[in-house]
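The structure appears below as structure tokens.
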Amino acid sequence: MDFTSMPYWAVGAGILGLLFAFYFAKSVLGENPGNARMQEISKAIQEGAMAFLNREYRTLIPIVLIIFVVLWWGKDWQTAVSFLAGSLLSGVAGYVGMSITTRANSRTTEAARTSLNKALGVAFRGGAVMGLSVAGLGLLGVTVLYLVFKNVEVINSFAFGASAIALFARVGGGIYTKAADVGADLVGKVEAGIPEDDPRNPATIADNVGDNVGDTAGMGADLFESYAATTIAAMLIGGSAFKAANIGEGMPGIMLPLLVGAVGLVAAIIASFFVRTGENANPQTALNKGLWGTNLITAIAAYVLVQWLMPATITISGINVTPNDVYIAIFSGLVVNVLIGLLTEYYTSNQKKPAQGIAKASETGAATNIIAGLAVVLKSTALPVLVICAATYISYSAAGIFGIAMAAMAMLSTAGMVVAIDSFGPVADNAGGIAEMAELEPNVRKTTDKLDSVGNTTAAVAKGFAIGSAALTALALFNAFSELAHLETIDILVPTTIIGVFLGAAVPFLFSAFAMEAVGKAAFEMIGEVRRQFREIPGIMEGTGKPDYRACVDISTKAALREMIVPGLLAVLTPLVVGFGLGKNAMGGYLAGGTVSGLLLAIFMANAGGAWDNAKKYIEAGNLGGKGTPTHAAAVIGDTVGDPFKDTSGPSLNALIKVMGTISLIIAPFLR
């Protein structure tokens, strides 16, 4: 079998993904951007988002260069170059996606004046640019580096570069969006009694910018990192397993992850054309067609790949593995993909009992809203963990540690579609805000509200996907670390190991505390500014005075960049201290403790914010008295508490546990 040509198939798939991203971008930009007022608002959002991204990346350049020099000096130039490539491509994906989604918003609003299906199409294509860029650049970056260096161990720093950018993008973007959101909600909605998207609300532009920097650039960087880390970990494990069995010098195990990633990307391109809806239909159904179509096509293509590429039998982790066994592992990863999404939707959707129960509890005040919300989301951690445990057991039983890696790879192979659906949310949200601020006819806002409601659910589902994929990625990285560090067992009776476990378990809590504290500080500044404008600028409430939107954007930007440094350094430095200070056994315990506590805390926080948000939206839809009632005010407070959970600390934990794993791979050879 000719393995030399196979990487070029993955390169071709990556290029195809980027070509379709360009096609969708051109399609979106060809749509009508609306009237002068709509274009003015859209441009303000775009300028704010790109200004934040520029300043964030300028802040990160010195950190990236320091790590680049340390890797060149302390390890080798190939590792340093791979790290730099991961950082650069993650940044490029963010730029490309953000530039299109912030231009798609007014075009979606204008399309909503015509039909629901047209508005859905514009918003989805805007999101697809980000999704296909993430998957295309991730697959292309890993494959090209492998072709250049011919060494998987060397290129694992590509994932570390992606991790570094993702961590700061998640933390910084989360702080930005929640500072703006809290100001718009608490002062605008509760104190002034106006909608958050009302043009009289000074924080409204910053709030709309925040949706993009959090759920577009942040999620894109998060899943770019997962994609790269999982692919490289699976290649490391597969190459080692097949080489030990003296099969093709390990090449089948190296090529299978790349080719599964390639078919997943092609599947996302094909399934993107399934996303259509009728005027009276639920847009969620249309997006589900895209997601289910991607999974189905990937499942079929992966079966053909495995039967063709795998030998009749191979011994991995002491298990006799057949092609069907590897496929069982791949299929289990795709099933996790679907089940995590369904469970997240159940616990967060305003059409389901949990969120409706939280809304009902709001009738007796904010305290009971928060108590009910905490009860719901504490319960919501159990079933996703059982799903991940079942997938881990099934995939390991089928194909050993290579099975776990391929389950994670299968899940991440659909990232192109998942990121597209997630990025659809900010576009739809912005479209509704533009309709409100441009004072368009009520039926336009009614259409955009349908899309926005679906966008909230897809955002929650995408966060569930990101968390589930982070868990499987962390397991794959942990196994890859064990291979490189020659760590066969973890003995928790050894004091240094149990110390590592406790330290690893504690870091996600401390990290989350720093992120929450940062949101609180930034929100305090934002609330003060919004109150000042209502107090000092004459005629705001009457519509004769114009708020200073730029001041609010500037506050969010400065606060986010200032406050993201401490949690970021905690995540990067702690693994180094544990690994070099206490050894590889402690590092193994650290990874185990951090993965478990980080996973549970991430599920808890992401679902908390989603459930509180949709409980509020259930009331705003006219239930339990609707807007302007004490019940609604209580739900707004619950939603405000949940905001930094779901959009700052929770998503950032995905990046944290993967940074732990990618750094462990870098230092593993030194710990042998």
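The values are calculated or read from the model by the stated rules, or taken from the named source; none is laboratory data. Here the structure is a predicted model, which is why all the values come from computation and not from measurement. Here the Cβ positions follow ideal geometry from the backbone for every residue, glycine too, while neighbour counts run over all protein chains shown. What goes into the accessible areas is simple: the full protein's heavy atoms, side chains included, and nothing from ligands, DNA or RNA. Shrake-Rupley method; radii C 1.70, N 1.55, O 1.52, S 1.80 Å.
Before moving on, here are some points about what is shown:
- Screening the chain for whole DSSP H helices with an alpha carbon extent of at least 18 angstrom along the helix axis and a mean Kyte-Doolittle hydropathy of at least 1.6 yields 251-271, 366-379, 382-413, 565-582.
- Projected label distance in nm at L65 and W292, using a 7 Å step from Cα toward the beta-carbon: 5.2
- Between amide H atoms placed 1.01 Å from N, distances below 5 Å from I316 occur with V321, all of them 5 or more places distant or on a separate chain.
- Greater than 23 Å apart at Cα, pairs in K75/K658; K289/K616; K352/K646; K450/K627; K558/K658; K289/K450: K289/K616; K558/K658
- Potential lengthening between S317 and A390 on full extension [0.36 nm per residue; Cα-Cα distance subtracted]: 24.4 nm
- Carbon/sulfur fraction of accessible area - the stretch 476-580, other protein chains in place, 1.4 Å, %: 67
- Ligands, DNA and RNA left out, the 1.4 Å accessible surface of the stretch 142-286 is 55% carbon and sulfur atoms.
- Counted charge near G500, where neighbours are those whose Cβ lies closer than 13 Å (Asp, Glu -1; Lys, Arg +1): 0
- From its DSSP helices (H runs of at least four residues, each -39,500 (n - 2.57)), the chain gives a residue-normalised ellipticity at 222 nm of -28500 deg cm²/dmol.
- Fraction of accessible area attributable to carbon and sulfur, the stretch 52-125 (%, probe 1.4 Å): 68
- Distance between the 7 Å Cα→Cβ label points at N246 and W73: 4.6 nm.
- Spacing of the two label points (7 Å from each Cα toward its C-beta) at N280 and D2, in nm: 5.7
- One decimal place: the segment Y23-T629 gains 213.5 nm when fully extended, by the rule 0.36 nm per residue minus the C-alpha distance.
- Surface accessible to a 1.4 Å probe, per residue, for the residues of the chain, Å²: 33
- Euclidean distance between Cα centres, the stretch 417-482 to the stretch 645-672, Å: 23
- Using the Cβ-Cβ distance between R58 and V304 with R0 = 60 Å, the FRET efficiency computed as 1/(1 + (r/R0)^6) comes to roughly 0.85.
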